[in-house]
1. Would you please report the Å³ per residue occupied by the convex hull of the alpha carbon atoms in the stretch 514-726?
2. Under a 5 Å amide H to amide H cut-off, with H placed in plane at 1.01 Å, what residues pair with residue 138 once short-range neighbours are removed?
3. Using every alpha carbon pair in the stretch 329-508, what percent of pairs falls into each 5 Å bin from 0 up to the bin containing the largest distance?
4. Which value, in Å², gives the accessible area per residue of the stretch 1-108 when a 1.4 Å probe is used on the protein heavy atoms?
5. State the Kirkwood hydrodynamic radius of the chain in Å, one decimal place, computed from all pairs of distinct Cα atoms.
6. With contacts defined as alpha carbon pairs under 8 Å and 6 or more residues apart, what's the relative contact order of the stretch 135-289 in percent?
7. Skipping prolines and chain starts, which residues have an amide H placed within reach, meaning under 5 Å, of the one on residue 558, given they are 5 or more residues away or on another chain?
8. Can you work out ³J(HN,Hα) from phi for every residue in the stretch 473-480, in order, using Karplus 6.51 cos²θ - 1.76 cosθ + 1.60 and θ = phi - 60°, giving whole Hz and x for Gly and Pro?
Amino acid sequence: MKLTHFRFETDADGIATLTWDMPGRSMNVITQEVMAELGTVVDHVVATEAIKGCVITSGKDAFSGGADLTMLQGMGMEYMKLVKSKGEEPAMQFFLEASSSLSKLYRKLETCGKPFAAAVHGTCLGGAFELALSCHYRVLSDNDKTRVGLPEIKVGLFPGAGGTQRVARLMQTGDALQMLFKGEQIKPAAAKSMNLAHAVAPREKIVETAKEWIRAGGSAKAPWDIEGFKNPSNKVHSPAGMMIWPPANAIYRRETQDNYPAAKAILQACYEGLQLPMDLALRVESRYFAHILRTPEAAAMIRSLFMSKGELEKGARRPAKVPPLKIKRVGIVGAGFMGAGIAYVSAQAGLNVVLVDRDQEAADKGKAYSHKLMTDQVMKGRAKTADRDALLARIHATPDYNALKGCDIVIEAVFEDRAVKAEVIKKVQAAIGRRTIFASNTSTLPISSLAENFERQSQFIGIHFFSPVEKMMLVEIIMGKRTGDRALATALDFVRAIRKTPIVVNDCRGFFANRCVLNYIREGHLMLAEGVPAAMIENMAKKAGMPVGPLSLNDEVALDLGWKILQATKKDLGPEAIDAKQEALLKTMVVDLERFGRKNGKGFYDYAPTGKKLWPGLKDLQPTKLNADTLDKQELVDRLLVVQALEAARTVEEKVITDVREADVGAILGFGFAPYTGGPLSYIDRMGTKAFVAQCEKLAAKHGDRFKPNKLLRAMARKSETFYGRFNPYKSAA
Ligand code: NAD
């Protein structure tokens, strides 16, 4: 047996060990070759009488991240080719065959007649966990790095290699659906208590534990292949089943607004599959999988949330000629809300942090935030006290700017005030060495103008974090007019070190994310001013796929901040740059009524310890009241998405965004732009620029110039171009 991706050896007891260890890769992935070799191994184990059973393990620090999604993309392309050359039916036959081959391979292993065990250490996700699930026994290492799970839903897919059927037969249906919907990574002890694993053992003992199970006569039959098997939640059509399925359907609708075909397919595959024997159930799953793979939602989500996100994290925008820098020491000036969060994520990544504020007390307060976050982790059993102490030891809180000497990068997060920032920049400059990069976390001030306070302007850059820093995965890097390659490379190396996703944008008012999101919030305000019931605005935003409605979002970021930004824009650009109706609404809320949002317990919502509800007084601010029953709901949904997508298109025209991947990834990670669309530019591409421009013109005629399509979009519409076609991010690499 000739194997490239595995090692195979058999011990004196006749127990084989198959070690998955792909050459030249840091992580094992499922490819066509891996599948072919696994099939050969199963045949060999079955055909060799002396082999009693087989343990599958990994030779790497992780088991495997699952299937190679580019392989799935390739299948999609092959399908499209076949549709053109041979027609829909043969193409579909090929596609169904190809997309069900992994499921068939796993079923072959499961029913081969000899016991297979999976000994798992490290990450074991997606298709790799489905392999483990098809083994008759699973032992997981008790290591911190070990995680199992089926995260496919996060890229618009669902587990198509038996995952839905095996999980639904291992645990109560409600729990199984929840696990499949959430796509979470599960720790070893939890996996065992969920019945997803049989044993947990120290890393060095997992293979031996699995062998011991085989030696002791472990059964080569999965529970569902044993006569008399009963589903953990009994029959689908039973009184118990009826307690599960109608609410499951309702929860699915509430959580997805029917925007995610993959979530619906999970529900359908489990509902139908649980009524069938395993082989038929797997065929049902395969059919749904083939359908989902061809949905535009899956294509868009795989592209943005897997491919593009991964490429940006690996440094797609990093200037190649600057040698990689291992960031060791980072300075943060301003230990307030943002600075404290940046200090925490930096220390969490193992970097040494110098945290400076105006006095010792303020600096200590910033450091205390890390203490609080780590204590919460300790309380939840996710960290040890020693981890907390080690992390805190990496943060040096001080009012002394001289401590910044030797930092690779210094980030300022002081008050959003030009004069304060100018003074801080000068003080930092006097303290740091000539090679240290200076970054500002400003959210509104142009980077190029702040850079004028710094002598070496090529070493000045913007690093815009989102709040709360420890939760938000996006970081916007802003290039000032004179920012140089080394500053960009260092900023990207820093973002990589703290394991966040960077986008690189050119300097402008609001940069990228805030520009788009402020339009979203404004649309909510204008709908309210028109007389649309507030609850309807919030619900239509959810229907559009946004995580929170515009009014709720505005409450979170603070209404008075919105008011300040509006006033600053008016002062800088003139009254025509802002919307008078929005200004009037915010004036009433902020200046007259002092409703600032969540921070003072009253905004568009009222906040009580028991929860929040829309402020009933909003109705009194609406001179006209529109009837919810007669409103065009789809138009409200369209307005909320189009207004953001149009702004994203403008940032491309203005060259604020220079790589279309960044607009899409940035919008989903930064402000939750409807993920099923793949991001605002993918949303336009899917609709077609012609249709999008027509949509904008229709909305502009009815609601005003803010919907007027820009020049670039009109030019693209004339030629039926797409963003990913016209601005193909891979063209220069090809
Ligand atoms: P904050 O008021 O919570 O913190 C500012 C900190 O800076 C305070 O601890 C203050 O003592 C300190 N400070 C002020 N002057 C100083 C000086 N001369 N020397 C040293 N320290 C000084 O503000 P924040 O919300 O953390 O915002 C900080 C920056 O981050 C601002 O530029 C803001 O625009 C930007 N930002 C904020 C958010 C957000 O959601 N709050 C998001 C992105 C970016």
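The values are calculated or read from the model by the stated rules, or taken from the named source; none is laboratory data. Worth saying up front: this structure is predicted, and the values here are computed from it rather than measured. Cβ coordinates were reconstructed from backbone atoms using ideal geometry, including for glycine residues, and neighbour counts include every protein chain displayed. Surface areas here come from the heavy atoms of the whole protein model, side chains and all, with no ligands, DNA or RNA. Shrake-Rupley method; radii C 1.70, N 1.55, O 1.52, S 1.80 Å.
1. Numbers: hull volume 26.6 nm³, N = 213.
Measuring per residue, one finds 125 Å³ for the Cα hull of the stretch 514-726.
2. HN-HN under 5 Å from residue 138: 118, 198, 199.
3. For the stretch 329-508, the binned pair fractions read 1, 9, 19, 23, 22, 14, 7, 3, 2, 0 percent.
4. The answer is 48 Å² per residue.
5. Numbers: mean 1/r = 0.0354 Å⁻¹.
By the Kirkwood definition, the hydrodynamic radius is 28.3 Å.
6. Across the stretch 135-289, relative contact order equals 34 percent.
7. Residues meeting the criterion, in which the H sits 1.01 Å from N, are 598.
8. 8, 8, 10, 9, 9, 10, 8, x
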